[in-house]
Every structure is written in structure tokens, then in C-alpha cells.
Amino acid sequence: MEVTEPVAEHLPQRSVRQIALRYAEAEIGRISQDGRLARQPAKKAGWQTLPTGLGEQVARFIDAIVNGKPVDEALPEIDLGDPR
């Protein structure tokens, strides 16, 4: 297995979490907007009822990965709900 230096050491003094949050919230907003235009009721309902705080969860997940956390340990940062 190849081990590399953490990416965060090479990034400018910006917060990866803040950058990820900005982009996640923008995309979640677009998804919700697309949901309003959906014709199928299930799509419309699903896309307009995304969990509150999803952008923050995505940002924490990305930040954890960038800082060297394995994916399986970072996944709990995103509440995927009951997998059943």
C-alpha cells in the first residue's frame, strides 16, 4: 500500500471544510430547485425534502477524508439514515 502525505499540508490557508460546505450547499440548493420542477411526485418529494444540515455533513465528511481518515471511518459524518 502506498502512503502519501496528507493533502491538507499542501493546501493554502483556507479551510477545506468551509470550501466543501460552500459547494455542498450550492449543489443541494440546485437539487432542491430541480425537485420543484420535477414532474414525478416521488422525485419532487424526495428532492425537496433533503435532510436539514446535509451540506454540513458532506463538508465534515470531505474534511475527514482530506485529513487522512479512512472512508469507512468518515462515512458516519453523513447521516444516511436507516440502511434497511
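Derivation of every value follows stated rules applied to the coordinates shown; laboratory data play no part. If you're wondering where the values come from, they're calculated on a predicted model, not measured in any experiment.
Computed over the stretch 41-83, the alpha-carbon pair-distance distribution with 10 angstrom bins reads 28, 41, 24, 7, 0, each value a whole percent. Calculated on the Cα set of the stretch 14-77, radius of gyration then Dmax: 13.8, 42 Å.
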